[in-house]
Amino acid sequence: MNRGQKEAYKRDYAQAKKEGKPFFPYAVYKDLIVATLAIGFVIGLAVWQRIPIGEPVNPATTDFVPRPEWYFFFLFELLRIFKGQGALTPVIMATFIVPNVLLVLLLVTPFIDRGPERRIWRRPIALFSGIAVVFLLAYLTHLGSEAPAGTEEVQLENLDPQGQAGLDLFLANGCLACHTVAGVGAPGPGPGLTDEGERGRGIEYQIEHLRDPQSTTPGSSMPAFASLTDQELEDLAVFLEGLGTKYTAP
Amino acid sequence: MSSSDASGDGRTGTTAVGTTDIAPKKPGVKAGEATVDYVDERSGATTGLKWYLFRNIPAETSWFQTLGFTAMMLFGLQAITGIVLAMYYKPDPASAFQSIEVITNDVTWGWLVRSMHRWGSSAMIVVVFLHMARVFFFGAYKYPRELTWVTGALLLVLTMFMGLTGYLLVWDQKAYWATVVATNITASAPLVGPFVADILRAGPEFGPNTLSRFYSLHMLVIPLGIATFIAIHLYFISFLGIAEPPWSKRRFRAKREEQEAERERAARTPYGRREVPAVGPPAPEREPARAEDGS
Ligand code: HEM
């Protein structure tokens, strides 16, 4: 808005105020009605659906499904999209770049859109981007809300004893909450591991990654499994390296 | 001193209005008025409140313009239910989960307060988001309300952080591991990430002390931040006045009147020629040159 438009706006607003009504009671009564309805709605929900008690924390076993509150699902879903599999999907996109770009865009909106027009049907760009953001957030939230698949049997061929031990550890430690193997498990935030062995990471790398995922994959959001013993780590690593090469899905 | 003559000036707006002219005031009413006057004389509180309540706003306001107030009331509800929960909650990894069980199963109405606090957090996010959407589609963030928008955006972020920090306090598996992931993500951010994550976790590892950290953030730091920004937000709103909906009847009427005047003017000018309106800055009034000016 240039100076003249600002002056025109101020004059117009002063006129609106002059022809206006007092805040109390003309706006206050509406405010009170809607706020009362909202609070009543919250009480109704609380009575209708009591919040249950979960399972107590046990840092040793990780057979959990890490789910944030629903209003973080859209960020959670980003972790599934950008999981560091290819050059175009670095993890840092989901953990840092996209959220911060969104935040900055939110903060500077009034400094980008400075035109004098306020009627939404005369602001096609604002109309389009507003609706697009709402739909995108709703869509990502919906995708993020899809519960991970139940605990079906993981079926792999050619399992030797060490592979079996690795698979047991894999199930016991809740790796399926973030990874799929042979079609079982959650499709994110971690990559599918059905063919992990074909990536040729090597045993050393796998152990290192399990102990401290950030050391091999900067920006990883996978928890560290440092509490596993050396033997367990090796079993897991052998199992992971065999996936897709030795232990194949039928 | 002045309290005795305060009742004589026929003030309105106090509870005693109806009885003033008929009978002498009851002593209780008199004392009440005197107190109000005493405080107002020293703080301007009543004057300020009257200004705030009876200031004019545009006549046509939309129902969508109630959402900000609703968000504020939901924040109040969260504060009240949160205070009640804090009376029973124990921020210690050994007993946190158990204290939640006690609240849910044993404390009278405890289940209701906890359920309201949890549902209320979701409701507040929804309402704040809808409020933001209405501000966006009304174009109400434009001049002169840019800074109102910025403080509002910070309020949205702070509200989400309330959800993040509160989630861990129940100390169950789901929340624990979700928060592990969240702090790992924080740690992975470039430059300041590791430091922020260390502050959040109270150390390089996610552990028992993390709970106290989140407790303090959830109970003190973030609510204080929200209260402060709500105060600034409200100051801006009352200073600037609430925006008129862009499709108000008044504005259409003003526009139509303007166009009619234009047409009339065109009709009055011969040969359909439009009168050229006087635009541009008025010719500067020239000061007569004075002798002292030299040149
Ligand atoms: C805790 C969250 C918030 C509270 C308690 C709050 C409160 C309020 C209240 C009471 C109003 C008065 C008008 C109305 O109710 O619509 C208002 C107006 C406004 N809010 Fe918020 N708000 C919050 C969040 C936000 C957010 C997230 C934004 C945008 C990013 C925002 C931007 C604005 C703007 C620009 C106005 C002025 C609108 C106008 O004058 O028409 N607010 N807010």
Check: Can you tell me which residue in the stretch B:226-254 is least open to solvent (accessible area, probe 1.4 Å), limited to those that are more than 10 Å from chain A (Cβ to nearest Cβ) and near the ligand (Cβ under 7 Å from one of its atoms)?
Finding: B:Ile226
Note to self: Looking at the structure I just gave you, is A:Asp212 within 12 Å of chain B (Cβ to nearest Cβ) and open to solvent by 60 Å² or more (accessible area, probe 1.4 Å)?
What the structure shows: yes
Notebook entry, point to check: Would a scan of the stretch B:145-155 turn up a residue that is touching a residue at least 60 places away in the same chain (Cβ under 8 Å), surrounded by fewer than 20 Cβ atoms within 10 Å (Cβ to Cβ) and more than 9 Å from the ligand (Cβ to nearest atom)?
Noted result: no
Note to self: For the stretch A:14-34, give me the residue count where each residue is within 7 Å of chain B (Cβ to nearest Cβ), assigned to a helix (DSSP H, G or I) and touching a Leu at 6+ places or on another chain (Cβ under 8 Å).
What the structure shows: 3
Checklist line | Looking only at the stretch A:35-53, and only at residues there that are under 21 Å from B:Leu130 (Cα atoms) and open to solvent by 30 Å² or more (accessible area, probe 1.4 Å), the one that is farthest from the other protein chains (Cβ to nearest Cβ) | finding: A:Gly40
Check: Across the stretch B:75-99, what is the number of residues that are modelled with pLDDT of 95 or more and in contact with a Phe, Trp or Tyr (Cβ under 8 Å, 6 or more places away or on another chain)?
Finding: 1
Checklist line | Among (1) surrounded by 21 or more Cβ atoms within 10 Å (Cβ to Cβ); (2) under 30 Å from A:Gly130 (Cα atoms); (3) basic (Lys, Arg) - the single one B:Arg134 does not satisfy | finding: (1)
Item checked: Only listed residue being closer than 22 Å to B:Ile83 by Cβ and either within 9 Å of chain A (Cβ to nearest Cβ) or open to solvent by 40 Å² or more (accessible area, probe 1.4 Å) (or both), chosen from B:Tyr141, B:Tyr176, B:Tyr215 -> B:Tyr215
Next item on the list: State whether the residues of the stretch B:57-64 include one that is more than 7 Å from every other protein chain (Cβ to nearest Cβ) and at pLDDT 95 or above.
Entry: yes
Check: For the stretch B:92-106, does any single residue satisfy the condition of being aromatic (Phe, Trp, Tyr), under 30 Å from A:Cys178 (Cβ atoms), open to solvent by 40 Å² or more (accessible area, probe 1.4 Å) and away from the ligand (no atom under 16 Å from the Cβ)?
Finding: no
Check: Considering the stretch A:106-135 alone, what residues qualify as being open to solvent by 90 Å² or more (accessible area, probe 1.4 Å) and closer than 23 Å to B:Thr151 by Cβ?
Finding: A:Phe111, A:Ile112, A:Arg114
Check: Can you tell me which of A:Lys21, A:Lys10, A:Lys6 is in contact with a strand residue (DSSP E or B) (Cβ under 8 Å, 6 or more places away or on another chain) and open to solvent by 50 Å² or more (accessible area, probe 1.4 Å)?
Finding: A:Lys21
Next item on the list: Starting from residues that are in contact with a Phe, Trp or Tyr (Cβ under 9 Å, 6 or more places away or on another chain) and within 16 Å of A:Ala172 (Cα to Cα), keep the ones in the stretch A:56-67 and report whichever is modelled with the highest pLDDT.
Entry: A:Val57
Next item on the list: Find all pairs meeting these conditions: Cβ atoms under 8 angstrom apart; at least six residues apart or on different chains; first residue within the stretch A:128-153 and part of a helix (DSSP H, G or I); second residue modelled with pLDDT of 95 or more and small (Gly, Ala, Ser).
Entry: A:Gly130/B:Ala133; A:Val134/B:Ala133
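The values are calculated or read from the model by the stated rules, or taken from the named source; none is laboratory data. Note that the structure is a prediction, hence the values are computed from the model and not measured. Because the Cβ atoms are built from the backbone with ideal geometry, glycine has one as well, and the counts that use them run over all protein chains shown. Just the protein is used for accessible areas: all its heavy atoms, side chains included, with ligands, DNA and RNA removed. Shrake-Rupley method; radii C 1.70, N 1.55, O 1.52, S 1.80 Å.
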